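Note sheet for the following structure.
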Amino acid sequence: MEKIPLTKDGQTALNAELKTLKSVERPAIIRAIAEAREHGDLSENAEYHSAKEKQSFIEGRIKEIEGILSLADVIDTAKMSGTIKFGARVTLVDEDTDEEKTYQIVGEPEANLEAGKLNIKSPLARALIGKDEGDSVEVRTPGGEKSYEVLKIVYS
């Protein structure tokens with residue numbers, strides 16, 4: 001199996017979610033299923049079916065997180081420097097609109113564009129890898145070609 005790159009923060013967040021799912025969510029849904037069973041006929045019991053569906057989701061997410069963590073290659077970005085690599089926080093300016101944005105290049109499980117976490121497999125992240133401050137980057141997006149200038153690279 002292929003290793004999954006994760007930052008230390010990503011690993012910490014996944015461990016916290018796993019702990020919550022196992023110690024809070026799982027026991028709560030087990031209680032909800034038991035209560036719903038007490039209401040009698042299970043074939044027409046919406047609460048029971050809803051609780052079973054939620055239990056299925058929780059168990060699936062637990063297995064998913066455990067799988068990710070078992071394949072994780074945790075990278076300590078605090079020891080890195082230089083050109084853009086995995087874990088870098090990169091401040092870019094759109095050369096057309098002068099809009100500044102900051103992204104951290106992370107692994108797929110922790111990617112979240114709204115939070116500024118860019119999947120390392122995304123076209124923008126792939127274009128940024130190996131670039132340095134002051135470099136210009138051309139990226140083909142669904143909306144057409146975009147040009148960015150790298151303003152700052154920070155590892156933390």
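Over 23 Å between C-alpha atoms is what I'm after, so list which of 79/146; 85/117; 63/85; 3/52; 19/101; 8/117 land there. It would help to have the intermediate numbers written out before the result.
Values: 79/146 31 Å; 85/117 14 Å; 63/85 29 Å; 3/52 33 Å; 19/101 33 Å; 8/117 14 Å.
Long pairs (Cα-Cα over 23 Å): 79/146; 63/85; 3/52; 19/101.
Would you look at the GNM of the chain, springs on alpha carbons closer than 10 Å, and say which of 144, 107, 87 moves the most?
144
Mind ordering 15-27, 34-46 by average Cβ neighbours within 10 Å, highest first? Walk me through the intermediate numbers first.
On the way: 15-27: 13.0, 34-46: 11.0.
Per-residue Cβ counts within 10 Å, averaged per peptide and sorted highest first, yield 15-27, 34-46.
What percentage of the solvent-accessible surface of the range 4-72, computed with a 1.4 Å probe over protein heavy atoms, is contributed by carbon and sulfur atoms? Can you show the working numbers first?
Working: 2330 of 4390 Å².
Heavy-atom surface of the range 4-72 belonging to carbon and sulfur, 1.4 Å probe: 53 percent.
Bin width 5 Å, origin at 0, all Cα-Cα pairs of the range 1-43: what percent of pairs per bin?
So the P(r) values, bin by bin, are 5, 19, 14, 13, 13, 10, 9, 7, 7, 3.
Per residue Cα convex hull volume for the range 86-135, in cubic angstrom?
77 Å³
Per residue, what accessible area does the chain have, given a 1.4 Å probe and all protein chains present, in Å²?
With the other protein chains kept in place, the chain gives 61 Å² per residue.
Hey, any idea what % of the range 80-156's accessible area is carbon plus sulfur with a 1.4 Å probe?
Values: 1960 of 4230 Å².
So the carbon and sulfur contribution to the accessible surface is 46 percent.
Quickly estimate the mean residue ellipticity at 222 nm for the chain, helices only: each DSSP H run with n ≥ 4 gives -39500 (n - 2.57), and the total goes over all residues, rounded to 500.
Values: 4 runs with 57 residues, N = 156.
Here the helix-only value at 222 nm equals -12000 deg cm²/dmol.
Per residue of the range 139-156, what does 6.51 cos²θ - 1.76 cosθ + 1.60 with θ = phi - 60° give for ³J(HN,Hα)? Whole Hz please, x for Gly and Pro, Karplus curve as stated.
3J(HN,Hα) across the range 139-156, in whole Hz: 10, 8, 10, x, x, x, 6, 10, 10, 10, 10, 7, 8, 8, 10, 10, 10, 9.
Can you pull out the GluC sites (Glu not before Pro) in the range 92-132 whose DSSP state is coil and whose Cβ has at most 11 other Cβ atoms within 10 Å?
Details: sites: 95, 99, 100, 110, 114; in loops: 95, 99.
The qualifying sites are 99.
Check cross-link reach from residue 121 to the aspartates and glutamates: straight Cα distance under 15 Å, and skip same-chain residues fewer than eight apart.
The qualifying aspartates and glutamates are 2, 108, 110.
Tell me the volume per residue, in Å³, of the convex hull enclosing the alpha carbons of the chain. If you can, show how the numbers build up before the last one.
Working: hull volume 23.9 nm³, N = 156.
It is 153 Å³ per residue.
The values are calculated or read from the model by the stated rules, or taken from the named source; none is laboratory data. Just so it is clear, the model here is predicted, and its values are computed rather than measured. Every residue, glycine as well, gets a Cβ built from its backbone with ideal geometry; the counts of neighbours run over all protein chains shown. What goes into the accessible areas is simple: the full protein's heavy atoms, side chains included, and nothing from ligands, DNA or RNA. Shrake-Rupley method; radii C 1.70, N 1.55, O 1.52, S 1.80 Å.
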